[in-house]
1. Any residue at all in the range B:418-440 that's touching a residue at least 24 places away in the same chain (Cβ under 8 Å), surrounded by 19 or more Cβ atoms within 10 Å (Cβ to Cβ) and not in a helix (DSSP H, G or I)?
2. On the given criteria, is B:Pro217 within 11 Å of another protein chain (Cβ to nearest Cβ), over 28 Å from A:Arg108 (Cα atoms) and either outside any helix (DSSP H, G or I) or at pLDDT 95 or above (or both)?
3. Return the pairs, sorted by first residue and then second, in which the second residue is of a type in the set (A, V, I, L, M) and surrounded by 23 or more Cβ atoms within 10 Å (Cβ to Cβ), the first residue lies in the range A:276-293 and is under 26 Å from A:Gln223 (Cβ atoms) and within 8 Å of chain B (Cβ to nearest Cβ), the beta carbons are less than 7 Å apart, and the residues are 6+ apart or on different chains.
4. Say whether the condition of being within 14 Å of chain B (Cβ to nearest Cβ), under 16 Å from A:Phe289 (Cβ atoms), surrounded by fewer than 22 Cβ atoms within 10 Å (Cβ to Cβ) and in contact (Cβ under 8 Å) with a residue 40 or more places away in the chain is met by at least one residue in the range A:203-224.
5. Which one of these does B:Gln198 not meet: (1) polar (S, T, N, Q); (2) under 24 Å from the mean Cα position of the chain (by Cα); (3) buried (at least 21 other Cβ atoms within 10 Å of the Cβ); (4) assigned to a helix (DSSP H, G or I)?
6. With the structure loaded, tell me whether B:Val394 is among the β-branched types (Val, Ile, Thr), closer than 22 Å to B:Gly486 by Cα, in contact with a strand residue (DSSP E or B) (Cβ under 9 Å, 6 or more places away or on another chain) and part of a loop (DSSP other than H, G, I, E, B) or whether it fails that test.
7. In the range B:474-505, what residues are assigned to a loop (DSSP other than H, G, I, E, B) and within 24 Å of B:Gly293 (Cβ to Cβ)?
8. Of everything in the range B:141-165 that's more than 8 Å from chain A (Cβ to nearest Cβ) and crowded, with 20+ Cβ neighbours inside 10 Å, which residue is nearest to A:Thr95 (Cα to Cα)?
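The values are calculated or read from the model by the stated rules, or taken from the named source; none is laboratory data. These numbers come from a predicted model, not from an experiment. Cβ: placed from backbone, ideal geometry, glycine included. Neighbour counts: every protein chain shown.
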Amino acid sequence: MEVLQRRPSTYDILRIHGVDRRSFLKFCTQSAAAIGLSAALVPKVVEAMEKKPRIPVIWLHGLECTCCSESFIRSSHPIAQDIVLNLISLDYDDTLQAAAGFQVEEIRKKVMKEYKGEYILAVEGNAPTNDGGVYCTIGGESFLNILKETAKDCKAIVAWGSCASNGCVQAAKPNPTGAKPVYKLISDKPVINVPGCPPIAEVMTGVLTYILTFGELPELDRQGRPKMFYAQRIHDKCYRRPFFDAGQFVEAWDDEGAKKGWCLYKMGCRGPTTFNSCSTVKWNCGVSFPIQSGHGCIGCSEEGFWDNGPFYQRLSNIPVPGIESTPDSIGKTLTVLSGAGIAAHLVSVAARKGVRGLTSKPEPVSSSDAAVKQPEE
Amino acid sequence: MGKRVVVDPVTRIEGHLRVEAMLDDKGVVKDAISSGTMWRGIEVILQGRDPRDAWAFVERICGVCTTVHALASVRAVENAVGIKVPANADIVRNIMFLTQYVQDHVIHFYHLHALDWVDVVSALKANPGATATLAQKVSPSWPTASPGYFSDIQSTVKKFVESGQLGIFQNAYWGHPAYKLPPEANLMAVAHYLEALQWQKEIIKIHTVFGGKNPHPNYLVGGVPVSFNLNGDNAINMERLNLVHDLIKGAAAVVEQLYLPDLLAIASFYPEWTKIGGGLGNFMSYGDVPQNGIGDPTKFRIPRGVVLNKNLADVLPIDHADSNQIREEVAHSWYSYPADVKALHPWDGITQPNYTGPKPPYQTLDENGAYSWVKSPRWKGHAMEVGPLSRMLVGFASGRTDYKEVVTEALGKLKVGPEALFSTLGRTAARGLETRLAVKWLADEYDKLIANLKAGDTSTANTAQWEPSSWPADCKGFGAEEAPRGALGHWIHIKDKKIFNYQIVVPSTWNASPKDNAGQKGAYEAALLGTPMADSAKPLELLRTIHSFDPCLACATHVLSPEGDELAKVVVR
């Protein structure tokens, strides 16, 4: 710990930036609010920020599209600039790094050595495992080996986005490169999964600031996701939910229902089976989220969502309104129970409304259809 | 005997790129290869899926140029099936498209490219008062330009450096002799780097309004997913339109008062870079921003055409459906074709991965063998450069007054002739100049949208052929687009309502392509030739030229699919 104390804390850095105590306390209050903490916990945030050094972060990129980095820099509270300059020490990141080539690889090795056991490993993308990992190499080395090597001495791993958390698009069938998410490759380190394609910016910064502030990982669910952002289905908090309950649905693109903002369930919306914060935190500083802009949720934070299509085919196995469940309890039983549940719901709504057509049975569902899946053990 | 310089990873780009440059005794690049070192297989994954879902898969090819593949994909499906989208859908797509241009180009300039020209550490020596004077001279209307402001920025940098934790700025090339800006210009640029970082999260809210999120907003075959209901509370109404309108106005200010003045100011210190990095001399643009539907390229705001051998007197036409025009070769790529096949049009594309490179970890690649996951697309056998410079030149050569005006004005300010365009700096300047056009067009498209709504047209989707049962049993289509990084094409073959084959040829495939059958280099490789390096251990000069193309390697090395074939076993030697 002696090593840690010699390094500047967030407060030290802010102070030498000319930030006074009053502004610092304000900053702490805002940071606490950003991660959903009550005012009573602000002193704890202040204490943490005064004592903790800027945590070194190595941000690796494997098979990915960089949408997670792009999302990250869109964060509105705190803004990316504050995180990169004041909260963490982003020591390695191919996307923003000034240096290139061997100078970059030197940095990675240096951080691994000097901050052994202390640095956070952020992983964007995943590793191809087929054919010796030749489908992704950096500096002539396979990403698979780089990931394993860098994970060895890290404190914890943040798996950004669906690629790192659950495989995402390159792991969709037939997964030509054998792409595997981080938790399937690294078993001896804590891995926090932050799924989504990409994850919401404020969810990303919320997770990082939580770790920095409290020096520990936030509470995770069985899929390794932070409960503060992934405990509820989009459907549960969707502002169009009353239309679902009332049986008012968009039946075709740009129809009268679409213009009135009715429920998109019949257009294939995955909100009922997707655990994420889109309907609460929303996107890009709360401007909107997919359903608000007229398109159903495609379920981009759920494991295997690419293979749960076609996206415009309505779900037939969604939870029954009124029955509360969480990702921990919902499990595999959902697949069995909810098909009947949604059919029953539609029948009852149709009966209430006397609407013809809604009583038709849901389409048959294959076993790979949109059930909430458990991570592979 | 010269030296071999390896840069891997090339940073401040999207994806994984490796460059190996061979230097002569004087430290000048005499040969170079570029290698894409990642491959994901997205086109293979698309086979057998619902074509209406394809946009979402291909959008994930790239999160930096998010939206561009989604747009090309819906265009390809609509072209195959024969769907004509409503006028409002074209306008909303144009607004999202131009928003992407503006955001992408500004981010590229400040966050991916500027550090090649701007020495952050030198900013510590600047006089804040003199910096304010410089900033007010360069851009009289930009508000944050006081001595106190620059003094604050400088102390932020100073304390950051003194903290010893340099983060993304460590181990870079600060103090390199190729940095020429005075300290004040460096400080101004650092301040604007931070301002642009804050602004980029605003402009993309236009995508959020129309597509629900960014990165990766939603698209729709047959139109756009949003509806207009001006008197409703749950669709695009006046509040939403006002937000879009304000963001467009804000973007115009950033481009005209921050980006362009900074670009010209920085460029004026690097006149030698108008003579370096010219490259192939062949330029291609597919054109975009349709004014009369995607089927009428004569009415595009960005014109379509090819300029060969720097000949601005002649603009040649492009036909995406002609199997003799756009064809891909694999002579130096890690793929194999059947023995008698040398080049294939995307509709007939085959991709058989065949890794013959060294087993990782490796030190160098062999330029005489295969050395990249990027294929070599060629137009009528010619290697082509695509991107902003190509568009500027095609627009200029097509006689378009809007293009001529911005080019002539910039050349005049820099006191250089048109030949200066064929260079690293020309490429970087062209990106800024077309951003000027893009913000103007953005406002024009918004006005068109309002005019349509005023006239009572609120339609956003054509659903007549939404159901696959209405489609032909077998059909082919293409979606051509002029993405921020250049010409992008998606080719689709739909059989029995499913994707039978899907092929993508992206801008960075053209630019990052390895040598072809005839030994012709790709655009990066050609542009690196003749680049002088002051210090072979610090590849700053190579980065300048490579970054001037704005590489996007996730795009370049997506992948191509055999028609239902299984992927070949990779041979590791």
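1. The answer is yes; a qualifying residue exists.
2. Answer is yes for this residue.
3. Hits for this filter: A:Cys278/A:Ile200; A:Cys278/A:Ile234; A:Trp283/A:Ile200; A:Asn284/B:Ile204; A:Ile291/A:Leu264.
4. No; the residues of the range A:203-224 include none that is within 14 Å of chain B (Cβ to nearest Cβ), under 16 Å from A:Phe289 (Cβ atoms), surrounded by fewer than 22 Cβ atoms within 10 Å (Cβ to Cβ) and in contact (Cβ under 8 Å) with a residue 40 or more places away in the chain.
5. Exception for B:Gln198: condition (3).
6. Considered against the rule, which asks whether it is among the β-branched types (Val, Ile, Thr), closer than 22 Å to B:Gly486 by Cα, in contact with a strand residue (DSSP E or B) (Cβ under 9 Å, 6 or more places away or on another chain) and part of a loop (DSSP other than H, G, I, E, B), B:Val394 comes out as no.
7. Correct list: B:Pro484 only.
8. If we take residues in the range B:141-165 being more than 8 Å from chain A (Cβ to nearest Cβ) and crowded, with 20+ Cβ neighbours inside 10 Å, then B:Val157 is nearest to A:Thr95 (Cα to Cα).
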